[in-house]
Amino acid sequence: MMKRKKIPAFLCAALLLAAPSVGADEGDILTENSMGSSEGYDYELWMDVGGGEGSMTLGAGGAYSCQWREAQNVLFRTGKKLGSEKTHGELGEIALDYGVEYFPNGNSYLCVYGWSEDPLVEFYIVESWGTWRPPGAESLGTVEVDGGTYDVYETTRHQQPSIQGTQTFQQYWSVRTERKTEGTVSVSEHIRAWEQMGMTLGKMYEVSLCVEGYQSSGGANVFLNSLMVDGVEVSARDETGGTSAPREEEPAEQPASEPEQPVEQPEQPVPSPEAAAGNEGSIGIGVGTALVIAALAAVAVVCVRFFMKRR
């Protein structure tokens, strides 16, 4: 991040807590600190507490547009949060194709931006800038990448905002000697060049295409942002960093099922008074019939005996 006033730790924590993590759709407009994912790309809008205004409109894939006015410090970016589980070598080749209509009015960067952990490092590959070419330090040398010449720098940030809260951390820079707003950035080649200079990244947390403004105003239209990791665009990668299998056509949506209920023994039906009366009537009829049959049997016996005596 650019040079800025030291922010108290409690304010940094408040900023992080105030940044909701949500899903968004193409055309959504962000006007406050927020992060999430859209069409396989992770996006983030981060604004410092120093004032000013900024907004970010999400486009298809990794595309977006942004504008800011009198912002203390603001970063707009889309790319991929890689999870801090693998080094750049374990992930495979990282490259980004980009195209941007870029209109800075003051201090601003157009860059590939990211972080690593263990060690904690913030890195910039700056393709274009506004009125000031960063970072204002002495160059450690130059590298030739993608047909352009870049100065390499290493700087230190003392107790400043980071992905791990307020920390002291290193910044690695590759800055083009001539501005460019469209082309390819072979990120892995820059990282290998840094390593040869003793500047080592840890496990990769993020790689994004970023527009940053510092105490300035401006706007940009990112019409192309295609990030490739190990030859696969990030929108086709699963959450663990591997590639997703081709999706089969999904079946028609089924209605949601009712939540499973605990199995209970069915209650025995309680007979109604009418049914109970009917049952009593059935029992009465059965007893009466039995009595009639018994009486007839007794009569029959008497009759038999009577006739037997007469004989």
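Is it the case that Gly62 is modelled with pLDDT of 95 or more, touching a helix residue (DSSP H, G or I) at 6+ places or on another chain (Cβ under 9 Å) and assigned to a strand (DSSP E or B)? So that I can check it myself, show each step before the final result.
Working: modelled with pLDDT of 95 or more: yes; touching a helix residue (DSSP H, G or I) at 6+ places or on another chain (Cβ under 9 Å): yes; assigned to a strand (DSSP E or B): no.
Against the criterion (modelled with pLDDT of 95 or more, touching a helix residue (DSSP H, G or I) at 6+ places or on another chain (Cβ under 9 Å) and assigned to a strand (DSSP E or B)), Gly62 does not qualify.
Restricting to the range 91-108, and then to whatever is open to solvent by 20 Å² or more (accessible area, probe 1.4 Å) and among the polar types (S, T, N, Q), can you tell me which residue is farthest from the chain's Cα centre (by Cα)?
Here the residue is Asn105.
Could you identify the single residue in Val187, Val207, Val126, Val121 that is without any contact (Cβ under 8 Å) to a residue 60 or more places away in the chain and not hydroxyl-bearing (Ser, Thr, Tyr)?
Within the list Val187, Val207, Val126, Val121, the selection yields Val126.
Checking the condition open to solvent by 20 Å² or more (accessible area, probe 1.4 Å) and free of Cβ contacts under 8 Å to residues at least 24 places away in the same chain, which residue from Met35, Met47 passes?
Among Met35, Met47, only Met35 is open to solvent by 20 Å² or more (accessible area, probe 1.4 Å) and free of Cβ contacts under 8 Å to residues at least 24 places away in the same chain.
May I ask you to list the residues in the range 94-134 that are under 16 Å from Thr177 (Cβ atoms), hydrophobic (A, V, I, L, M, F, W, C) and assigned to a strand (DSSP E or B)?
Across the range 94-134, the qualifying residues are Leu110, Cys111, Ile125, Val126, Trp129.
Would you call Val145 in contact with a helix residue (DSSP H, G or I) (Cβ under 7 Å, 6 or more places away or on another chain) and surrounded by 14 or more Cβ atoms within 10 Å (Cβ to Cβ)?
Considered against the rule, which asks whether it is in contact with a helix residue (DSSP H, G or I) (Cβ under 7 Å, 6 or more places away or on another chain) and surrounded by 14 or more Cβ atoms within 10 Å (Cβ to Cβ), Val145 comes out as yes.
Give me the pairs: first residue in the range 158-173 and without any contact (Cβ under 8 Å) to a residue 60 or more places away in the chain and assigned to a loop (DSSP other than H, G, I, E, B), second residue of a type in the set (Phe, Trp, Tyr) and crowded, with 16+ Cβ neighbours inside 10 Å, beta-carbon distance under 8 Å, and six or more apart or on different chains, which are they?
Ser162/Trp115; Ser162/Phe169
So Gly183 fits all but one of (1) open to solvent by 60 Å² or more (accessible area, probe 1.4 Å); (2) assigned to a strand (DSSP E or B); what number is the exception?
(1)
The values are calculated or read from the model by the stated rules, or taken from the named source; none is laboratory data. Just so you know, these numbers come straight off a predicted model, no measurement behind them. Methodologically, a virtual Cβ is constructed for each residue, glycine included, from the backbone with ideal geometry; neighbour enumeration extends over all protein chains shown. All accessible areas refer to the heavy atoms of the entire protein, side chains included, with ligands and DNA or RNA removed. Shrake-Rupley method; radii C 1.70, N 1.55, O 1.52, S 1.80 Å.
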